[in-house]
Amino acid sequence: MTHPVTLTVNGVAYPLEVEARALLVHVLRDTLNLTGTHVGCDTSQCGACTVLIEGHAVKSCTVLAVQADGLPITTIEGLAPADQLHPLQTAFWEKHGLQCGFCTPGIIMMATELLSTKPDPSEAEIRHALEGNLCRCTGYQNVVAAIQAAGATLRGRRQQDRPAEAAESRSAVEHAAPAGV
Amino acid sequence: MATTLFGSGIKRREDPRLITGAATYTDDVKLPGLTFAAILRSPYAHAKLARIDVSAARKAPGVLAVYTGADIKDRVVPVPCAWNPPNCDLKTPPHPLLAYDTVRYVGDGVALVVAGTRAQARDALDLIEVDYDPLPAGVDPEAMTKPGAPQVHADVPNNIGFKWIVAGGDADRAFAEASVTVKLRIVQQRLAPTAMEPRAAVASYNKGTGQLTLWCTSQNPHIHRFLCSVILKLPEHRVRVIAPEVGGGFGSKIPVYADEALVGLASMDLGRPVKWTEDRSENYKATIHGRDHVEYVEMCGTREGQITGLRTTVYAGLGAYASTAGPGIPTILHGLIYSGPYVIPNIHGTVYGVYTSTTPVDAYRGAGRPEATYLLERLIDLYARDIGMDPVTIRRKNFIPKDKFPYTVATGLTYDSGNYEGALDKALSLFDLKQFREDQAEGRKRGRYLGVGIVSFVEICGSGPSQVTGSVGFGGGQYDSAIVRVFPTGTVRVYIGGKPHGQGEETTFAQIVADEFGIPIENVEIVAGDTETTPQGWGTYGSRTTAVCGSAVKLAAQRVKEKAKKIAAHLMEANEADLEWKDNQFAVRGSPGSGKAFAEVALMANVAWNMPAGVEPGLEAVAFFDPTNFVYPFGTHICTVEVNADTGELKILRYVCVDDCGPHINPLIVEGQIHGGVIQGLGEALQEIVVYDGDGQLVTGTMMDYAVPKASQMPHIESSYTVTPSPVNPLGVKGIGEAGTIPSAAALVSAVCNALEPLGVRHIDKPLTPARVWAAIQNAKGGAS
């Protein structure tokens with residue numbers, strides 16, 4: 001038996017029929033062909049499947065597709081407008097924050113939420129935020145550096161956009177709107 | 001030649017697809033008519049298969065086929081073991097693709113289901129009824145050799161799959177005459193490689209052409225083609241293996257597994273593509289493990305700190321079956337490097353390869369060399385402690401001097417080049433040992449336990465001369481290969497025999513080629529992983545790809561350039577001998593501005609309107625590079641810790657390392673390899689362990705139980721380098737993929753044992769969980785050590 005849902009992914013609404021037991025990650029990957037979101041474990045440890053739901057980083061292996069009905073979802077494919085890179089993507093590239101790349105989309109999605117709530121996180125805060133994202137290649141050092149660099153870029157942009165509010169914005173809590181939504 | 005890119009830390013060219021989600025890993029491959037496979041795996045470590053009933057599964061919704069071991073055993077060849085070290089009487093009992101008589105480990109395949117969807121395949125597994133008659137099982141490689149231990153294979157007495165000996169000098173005499181001897185029993189625990197991407201395979205058989213295409217998570221697609229053609233009894237030229245994006249391997253994607261061949265067989269029967277992807281819990285049972293040694297080791301020497309001998313007896317677990325490279329790891333890649341960076345004139349090692357009721361053991365990052373470094377460095381620390389010598393002094397005293405290379409050690413290896421004291425000196429210039437000792441002494445007065453571990457190491461990698469690898473029983477060659485193909489517009493594709501899976505050779509190899517031709521790196525593309533387009537190669541493992549395959553790239557590019565020079569001379573109506581390569585073009589010596597750039601020559605070579613006499617059209621070359629020796633990277637790593645003696649918890653304070661892998665093609669990538677390698681070694685020292693209970697049940701069967709290091713647990717790594725080129729390849733490079741892992745576990749354990757020296761602790765087996773550290777402190781307090 002299937003259930004009708006509408007998944008709004010990267011700004012596009014997809015009316016779908018899904019099994020009640022279908023996990024969001026499998027629908028994203030198998031039905032919508034958004035294979036940038038990966039599956040690295042079956043116990044919600046690795047974080048390779050992390051996406052944004054309403055701007056919050058969520059492990060899509062731990063959400064049923066029916067639970068995401070009607071909610072805006074952002075995957076790595078929709079993080080930046082076509083042919084552009086999000087500052088996090090740029091920073092991971094520049095800082096060599098990835099090797100095999102399998103965990104990277106999930107880490108970038110997690111870091112998107114982190115920087116939206118904590119624009120200037122310390123190294124310890126970043127390492128703590130990575131608690132639910134495992135990387136076996138990089139030793140995390142360049143992942144931390146990439147997130148710090150992206151944070152600086154985003155803060156700079158914000159300052160440019162709103163010079164008068166710059167002083168307060170450092171502590172402001174703000175959700176990055178998922179691209180295209 | 002104007003070198004512009006070699007040595008430059010440019011951004012990786014593979015990254016844009018990886019950071020945007022556009023990369024294609026094996027599980028991302030979708031084909032028309034795709035079906036899905038799932039494998040029923042044994043819940044018992046050892047049992048007779050009394051009865052298996054698949055009738056209900058065959059009738060389940062969406063099910064297209066169900067196979068048992070009995071169904072397929074006469075259609076396929078058992079999974080081969082490809083490394084048969086000489087003079088050790090290796091016994092390799094047949095390894096069926098699916099068990100048909102006896103299951104021998106938790107995770108052993110029992111049945112395969114193919115269905116229309118993943119869920120249907122998984123649902124049908126639950127409908128298969130199996131009656132198991134449990135048999136005695138055993139998991140400890142030492143205990144399994146004792147009389148009366150459970151027998152994994154009836155025809156392997158005492159489970160001893162091989163007994164291998166390495167010997168040089170006269171170790172027994174050295175020990176008899178020595179004034180100092182130190183001994184240890186060391187357990188080097190079993191580890192799970194845990195590449196973030198689980199294994200997967202997609203097979204597609206074309207009944208019209210008789211060709212099987214197999215996408216799979218492989219570090220070495222040509223080895224997969226070779227062995228899958230053997231298993232499936234298919235002509236090798238009708239098997240195409242494609243390893244697309246591979247999400248980490250660390251050795252676990254070297255072996256050819258039953259699973260990959262099984263989906264091939266199913267696709268041949270069904271005439272439809274079949275996909276199988278393991279989940280993580282399946283990965284921990286069905287993908288190879290690493291290490292698993294029980295070791296009795298001893299070192300002897302003089303009161304003045306001169307090492308005179310090393311003796312070992314090692315029980316190395318093979319698991320239930322000999323995996324592809326399994327027997328070569330604790331022998332060739334372990335025992336031969338026992339001398340480390342030191343002059344040790346007398347060495348004797350005995351290694352027993354032992355079958356146990358567990359997942360097969362094969363290569364995990366470092367593969368044999370971390371184990372060798374660990375036992376050697378633990379012993380040398382204790383030796384220094386017993387004679388009251390500083391750990392730095394004793395290492396200096398025993399290093400192979402830098403002017404003695406190439407140097408042949410007692411085990412017979414000839415090290416290519418080295419400057420071990422140079423790396424140690426540099427490490428000590430970055431780490432103030434004197435200050436640390438003062439802080440340590442001060443801390444001890446107040447019950448604060450600080451410790452430092454200093455580890456020097458050398459490793460063997462970059463395999464290797466094919467003749468040598470053949471002589472040590474490896475069933476393939478170890479040269480590697482590249483085709484450099486130049487298109488009419490002067491852009492270049494390079495097809496390589498290696499298969500990078502995170503190491504960045506799409507970037508570093510393009511740097512080599514762009515430099516050679518004086519063209520923008522954007523005009524060079526490195527292609528790997530598809531046996532249809534790439535020349536015969538042997539894959540990416542053992543830190544060999546840059547040294548061996550990279551050298552093939554260099555040689556092929558040089559061959560292209562030699563031909564291009566002839567064509568350029570012809571076009572310029574000049575003598576070839578008068579041409580030089582200057583400012584990225586061929587020019588007549590002494591006539592600046594007269595030149596022909598590479599792209600101009602490429603066009604003429606490809607359209608061939610005006611070629612020199614006797615020169616064929618086209619501009620491409622293939623090279624197969626077989627090195628004259630292995631390469632021997634080395635370094636010194638220093639780790640400091642603080643141990644809470646009340647709870648056994650420890651904190652890593654600093655990690656300083658100096659590595660020497662020869663010149664760096666891309667320093668950014670070298671650094672990344674060190675970071676990842678060090679963290680894997682620290683994970684091994686701190687918390688990683690595969691645990692079986694006494695009945696062979698896998699206790700650490702999920703990612704909740706197997707403790708992959710997290711960011712918050714790991715230190716910032718302070719890395720630095722010395723540069724000692726290797727004379728055995730045209731790039732002068734040594735491997736760096738495993739160098740971080742090889743000394744780091746030893747460095748951390750050494751630091752903890754140093755911290756707890758005042759409490760009488762001599763050695764603690766890794767992983768150093770708080771419980772183990774605390775227990776060691778209590779034992780030492782009780783008088784035992």
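The values are calculated or read from the model by the stated rules, or taken from the named source; none is laboratory data. This one's a predicted model, so the numbers in the text were calculated from it and none came from an experiment. Cβ: placed from backbone, ideal geometry, glycine included. Neighbour counts: every protein chain shown.
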Checklist outcome for this item: Of the residues in the range B:517-540, those that are surrounded by fewer than 24 Cβ atoms within 10 Å (Cβ to Cβ) and either assigned by TED's automatic domain parsing to the domain that holds B:Leu731 or part of a helix (DSSP H, G or I) (or both) number 3
Checklist entry - Between residues in the range B:414-441 that are among the charged types (D, E, K, R) and residues that are assigned to a helix (DSSP H, G or I), which pairs lie under 8 Å by C-beta distance while being six or more apart or on different chains? => result B:Glu421/B:Arg396; B:Glu421/B:Lys402
Checklist entry - Scanning for something out of contact with any Ser or Thr (no Cβ under 7 Å at 6 or more places or on another chain) and in a helix (DSSP H, G or I), does the range B:142-154 turn up at least one residue? => result yes
Checklist entry - Pairs under 6 Å by beta carbon, first residue β-branched (Val, Ile, Thr) in the range B:461-490, partner part of a loop (DSSP other than H, G, I, E, B), six or more apart or different chains? => result B:Thr469/B:Ser463; B:Thr469/B:Gln478; B:Val472/B:Ile332; B:Ile483/B:Pro535; B:Val486/B:Leu619
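Output the residue which, of all residues in the range B:198-245 that are more than 14 Å from chain A (Cβ to nearest Cβ) and of a type in the set (Gly, Ala, Ser), is farthest from the chain's Cα centre (by Cα). If you could, list the steps in order and put the result at the bottom.
If we filter the range B:198-245 for residues that are more than 14 Å from chain A (Cβ to nearest Cβ), which is where we start, we get B:201, B:203-214, B:216, B:220-242.
With of a type in the set (Gly, Ala, Ser) added as a condition, the list becomes B:201, B:203-204, B:208, B:210, B:229.
Numbers: B:Ala201: 21, B:Ala203: 26, B:Ser204: 29, B:Gly208: 38, B:Gly210: 34, B:Ser229: 24 Å.
Among residues in the range B:198-245 that are more than 14 Å from chain A (Cβ to nearest Cβ) and of a type in the set (Gly, Ala, Ser), the one farthest from the chain's Cα centre (by Cα) is B:Gly208.
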Item to check | Residues of the range B:175-192 satisfying the condition of being surrounded by fewer than 23 Cβ atoms within 10 Å (Cβ to Cβ) and of a type outside the set (S, T, N, Q) | outcome: B:Phe175, B:Ala176, B:Glu177, B:Ala178, B:Val180, B:Val182, B:Lys183, B:Leu184, B:Arg185, B:Ile186, B:Val187
Next on the checklist: Restricting to the range A:115-145, count the residues that are surrounded by 21 or more Cβ atoms within 10 Å (Cβ to Cβ) and more than 10 Å from chain B (Cβ to nearest Cβ).
Outcome noted: 1
Item to check | Which numbered condition B:Ala45 fails, given (1) touching a Gly at 6+ places or on another chain (Cβ under 6 Å); (2) part of a strand (DSSP E or B) | outcome: (2)
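Listed here are the residues, each with its yes/no results for (1) within 14 Å of chain A (Cβ to nearest Cβ); (2) surrounded by fewer than 22 Cβ atoms within 10 Å (Cβ to Cβ); (3) touching a helix residue (DSSP H, G or I) at 6+ places or on another chain (Cβ under 6 Å).
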{"site": "B:Gly9", "(1), (2), (3)": "yes, yes, yes"}
{"site": "B:Phe36", "(1), (2), (3)": "yes, no, yes"}
{"site": "B:Tyr44", "(1), (2), (3)": "no, no, no"}
{"site": "B:Ala56", "(1), (2), (3)": "no, yes, no"}
{"site": "B:Lys59", "(1), (2), (3)": "no, yes, no"}
{"site": "B:Val66", "(1), (2), (3)": "no, no, yes"}
{"site": "B:Asp74", "(1), (2), (3)": "no, yes, no"}
{"site": "B:Asn87", "(1), (2), (3)": "no, yes, no"}
{"site": "B:Leu98", "(1), (2), (3)": "no, no, yes"}
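Please state which one of B:Thr324, B:Thr313 is of a type in the set (Ser, Thr, Tyr), touching a strand residue (DSSP E or B) at 6+ places or on another chain (Cβ under 9 Å) and assigned to a strand (DSSP E or B).
On the way: B:Thr324 fails: assigned to a strand (DSSP E or B).
Residue meeting the stated conditions: B:Thr313.
Going residue by residue through the range A:80-97, is there one that turns out to be more than 13 Å from every other protein chain (Cβ to nearest Cβ), surrounded by fewer than 22 Cβ atoms within 10 Å (Cβ to Cβ) and not basic (Lys, Arg)?
Of the residues in the range A:80-97, the ones more than 13 Å from every other protein chain (Cβ to nearest Cβ) are none.
Scanning the range A:80-97, I find no residue that is more than 13 Å from every other protein chain (Cβ to nearest Cβ), surrounded by fewer than 22 Cβ atoms within 10 Å (Cβ to Cβ) and not basic (Lys, Arg), so the answer is no.
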Next on the checklist: Can you tell me which residue is surrounded by the fewest Cβ atoms within 10 Å (Cβ to Cβ) among those in the range A:11-25 that are within 17 Å of the chain's Cα centre (by Cα) and within 26 Å of B:Ser281 (Cβ to Cβ)?
Outcome noted: A:Val25
Next on the checklist: Could you go through the range B:98-109 and let me know if any residue there is without any contact (Cβ under 8 Å) to a residue 24 or more places away in the chain and farther than 23 Å from B:Arg280 by Cα.
Outcome noted: no
Checklist outcome for this item: Within the range B:582-625, residues modelled with pLDDT of 95 or more, surrounded by fewer than 18 Cβ atoms within 10 Å (Cβ to Cβ) and in a loop (DSSP other than H, G, I, E, B) come out as B:Ala608, B:Trp609, B:Asn610, B:Met611, B:Pro612, B:Ala613, B:Gly614, B:Val615, B:Glu616, B:Pro617, B:Gly618
Next on the checklist: Between B:Gly353, B:Gly317, B:Gly328, which is outside the structural domain of B:His501 (by TED's automatic domain parsing) and farther than 20 Å from B:Ile186 by Cα?
Outcome noted: B:Gly328
Checklist entry - Is there a residue being of a type in the set (Gly, Ala, Ser), farther than 22 Å from B:Met196 by Cβ and within 11 Å of another protein chain (Cβ to nearest Cβ) anywhere in the range A:13-21? => result no
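Restricting attention to the range A:64-73, does a residue exist that is closer than 17 Å to A:Ile107 by Cα, at pLDDT 95 or above and touching a helix residue (DSSP H, G or I) at 6+ places or on another chain (Cβ under 9 Å)? Break it down into steps so the answer makes sense when it comes.
In the first step, residues of the range A:64-73 are kept if they are closer than 17 Å to A:Ile107 by Cα; the result is A:73.
Okay, now just the ones that are also at pLDDT 95 or above, so A:73.
With touching a helix residue (DSSP H, G or I) at 6+ places or on another chain (Cβ under 9 Å) added as a condition, the list becomes A:73.
Within the range A:64-73, one or more residues are closer than 17 Å to A:Ile107 by Cα, at pLDDT 95 or above and touching a helix residue (DSSP H, G or I) at 6+ places or on another chain (Cβ under 9 Å).
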Checklist outcome for this item: Counting only residues in the range B:223-259 that are within 17 Å of B:Ala322 (Cα to Cα) and touching a Cys at 6+ places or on another chain (Cβ under 7 Å), the one surrounded by the fewest Cβ atoms within 10 Å (Cβ to Cβ) is identified as B:Val256
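Which residues, taken from the range B:451-491, are assigned to a strand (DSSP E or B), hydrophobic (A, V, I, L, M, F, W, C) and farther than 30 Å from B:Asp515 by Cβ? Show your work before the answer.
Taking the range B:451-491 first, the residues assigned to a strand (DSSP E or B) are B:451-458, B:461, B:474, B:480-486.
With hydrophobic (A, V, I, L, M, F, W, C) added as a condition, the list becomes B:452, B:454-455, B:457-458, B:461, B:474, B:482-484, B:486.
B:Val452, B:Ile454, B:Val455, B:Phe457, B:Phe474 - these are the residues of the range B:451-491 that are assigned to a strand (DSSP E or B), hydrophobic (A, V, I, L, M, F, W, C) and farther than 30 Å from B:Asp515 by Cβ.
So if I check each of B:Tyr479, B:Tyr420, B:Tyr407, which one is closer than 30 Å to B:Asn606 by Cβ and either under 27 Å from the mean Cα position of the chain (by Cα) or of a type in the set (Ser, Thr, Tyr) (or both)?
Working: B:Tyr420 fails: closer than 30 Å to B:Asn606 by Cβ; B:Tyr407 fails: closer than 30 Å to B:Asn606 by Cβ.
Just one listed residue meets the conditions, B:Tyr479.
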Next on the checklist: All but one of (1) assigned to a helix (DSSP H, G or I); (2) closer than 27 Å to A:Cys41 by Cα; (3) out of contact with any strand residue (DSSP E or B) (no Cβ under 6 Å at 6 or more places or on another chain) hold for B:Val256; state the number of the condition that does not hold.
Outcome noted: (1)
Next on the checklist: Suppose we keep only residues that are surrounded by fewer than 23 Cβ atoms within 10 Å (Cβ to Cβ) and part of a loop (DSSP other than H, G, I, E, B) within the range B:636-669. Which one would you say is farthest from the chain's Cα centre (by Cα)?
Outcome noted: B:Asp646
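Can you work out which of the residues in the range B:729-752 that are buried (at least 24 other Cβ atoms within 10 Å of the Cβ) and more than 18 Å from B:Val656 (Cβ to Cβ) is farthest from the chain's Cα centre (by Cα)?
Start the filter on the range B:729-752 by keeping residues that are buried (at least 24 other Cβ atoms within 10 Å of the Cβ), which leaves B:729, B:733-752.
Next, only the ones that are more than 18 Å from B:Val656 (Cβ to Cβ) stay: B:729, B:733-735, B:737-738.
Working: B:Asn729: 21, B:Val733: 18, B:Lys734: 15, B:Gly735: 11, B:Gly737: 8, B:Glu738: 7 Å.
Restricting to residues being buried (at least 24 other Cβ atoms within 10 Å of the Cβ) and more than 18 Å from B:Val656 (Cβ to Cβ), the top hit is B:Asn729.
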Item to check | Residue under evaluation A:Thr62, criteria (1) in a loop (DSSP other than H, G, I, E, B); (2) among the polar types (S, T, N, Q); (3) more than 20 Å from B:Arg17 (Cα to Cα); (4) in contact (Cβ under 8 Å) with a residue 40 or more places away in the chain, criterion not met | outcome: (4)
